[in-house]
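Below is one structure, written out as structure tokens; comments come after it.
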Amino acid sequence: MARKALKPPKFERRFLYPKFWHVWLGVGILYTISWLPYRILLLLGKGFGRILLLVAKKRALVARRNLQLTFPHWSDAQVEEVFRANIDRTGMALFETAMGWWWPDWRIKKHMSFEGEENVMGPIRQGKGVFGLAIHNVNLEFCCRGISFLHPSIAFYRKHNNPLVDYLQYHGRNRGNKYMIDKRNAKALIQAMNEGELCLYLPDQDYGPAQSIFVPFGGVEKTATTTATIMFAERADCVPLLLSPMYTKDGYKLKFYPAIDYLADTDKERALTLLNQDILSMVEEQPESYLWMHKRFKTRPPEAPDSLYEHIK
């Protein structure tokens, strides 16, 4: 049987060399800040969001453009209101990453809650794997740590190019969860679900034209949507369900929705259309929390190749 888990990166002596000192400086500052009271972190997150508007202007323009494309029925004022709130929450995401990686268990529990947990724990108690389809809200890093207090999970992992950052990222993300799988190792994810594990997957990003078909998402009629979601659901003995990392008054909540059955539909276009409709409904619950800075509509169909971001230079 093929190895399931990635081998966790080990600490190396070279990480102490001067070429990595800038990483240690940044990490040290971020770690120290993460110990501040949560309310102060929220204020710092908003401040960092304002900085993003200045240093990541193109990404900010992408976020506004995505809102306009996804919600063409919204007024300019509504787009701008959600855009501004999204910038604040995107700024907070940096600190939420640090919180998820380094906060002690007691502090995570204080700010973490669950809704619909019976939807995921019911199948697991029956020995079934769960295919958890998460939407990419900006607080995902924190909530992936939080899910370990309900049930440890397994997810894909993409190595970072910087070996020290990769070391910190792997061990931070895997804290409290079971193990991670190389993003190209589809067989290992299927194997894990067949063994009754809870596996997480992000079906709502633009993964390029390979293994994607074009179905509607919001106001964009032709949105590249990965067919890998269907492949995993078909090949694994699992219960597919959607989950959303959300904000609450006092912190964060992972909301688990009831199991979905339409991924078994032989018509892939219909199945993924229904999936995108559900994802959009989840996004609409807290539209300011979604990862709008990602070029969701970058891949275009051959019959309409023009970029939807051509004005962003």
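Could you list, in sequence order, all residues of segment 113-131 that are surrounded by fewer than 22 Cβ atoms within 10 Å (Cβ to Cβ) and touching a Pro at 6+ places or on another chain (Cβ under 8 Å)?
In the first step, residues of segment 113-131 are kept if they are surrounded by fewer than 22 Cβ atoms within 10 Å (Cβ to Cβ); the result is 113-119, 121-128.
Selection gives Gly116, Asn119.
Yes or no: segment 42-53 includes at least one residue that is of a type outside the set (Lys, Arg) and more than 24 Å from the chain's Cα centre (by Cα). Before you say what the answer is, go through the steps one by one.
If we filter segment 42-53 for residues that are of a type outside the set (Lys, Arg), which is where we start, we get 42-45, 47-49, 51-53.
Applying the additional criterion that residues be more than 24 Å from the chain's Cα centre (by Cα) yields none.
Scanning segment 42-53 turns up no residue that is of a type outside the set (Lys, Arg) and more than 24 Å from the chain's Cα centre (by Cα).
Of all residues in segment 249-263, which are without any contact (Cβ under 8 Å) to a residue 12 or more places away in the chain and of a type in the set (Ser, Thr, Tyr)?
Listed by number, the list is empty, since nothing qualifies.
Pick out the one residue from Met293, Met231, Met246 that is in a strand (DSSP E or B) and either in contact (Cβ under 8 Å) with a residue 24 or more places away in the chain or surrounded by 20 or more Cβ atoms within 10 Å (Cβ to Cβ) (or both).
Answer to the selection: Met246.
Please list, ordered by residue number, the helices (runs of 4 or more DSSP H) wholly in segment 1-76 having 1 or more residues that are closer than 26 Å to Met282 by Cα. Give the derivation first.
Values: elements: 21-34, 38-55, 57-70.
The qualifying helices (runs of 4 or more DSSP H) are 38-55, 57-70.
Cβ-Cβ below 6 Å, separation at least six or inter-chain, first residue in segment 181-208 and in contact (Cβ under 8 Å) with a residue 60 or more places away in the chain and under 19 Å from Pro152 (Cβ atoms), second crowded, with 20+ Cβ neighbours inside 10 Å and polar (S, T, N, Q): which pairs?
Leu198/Ser153; Leu200/Ser153
Out of curiosity, is Thr223 modelled with pLDDT of 95 or more, assigned to a strand (DSSP E or B), over 30 Å from Arg39 (Cβ atoms) and not basic (Lys, Arg)?
Values: modelled with pLDDT of 95 or more: yes; assigned to a strand (DSSP E or B): yes; over 30 Å from Arg39 (Cβ atoms): yes; not basic (Lys, Arg): yes.
Criteria met by Thr223.
List the pairs whose first member sits in segment 59-75 and is under 15 Å from Asp88 (Cβ atoms) and modelled with pLDDT of 95 or more, whose second member is assigned to a helix (DSSP H, G or I) and not aliphatic (A, V, I, L, M), and whose Cβ atoms are under 7 Å apart, counting only residues at least 6 apart or on separate chains?
Sorted first by the residue in segment 59-75, then by its partner, the pairs are Ala63/Phe83; Ala63/Asn86; Arg64/Phe83; Leu67/Phe83.
The values are calculated or read from the model by the stated rules, or taken from the named source; none is laboratory data. The structure presented is a predicted model; accordingly, all values stated were derived computationally and were not measured. Reconstructed Cβ throughout: ideal geometry from the backbone, glycine too, with neighbour counts over all protein chains shown.
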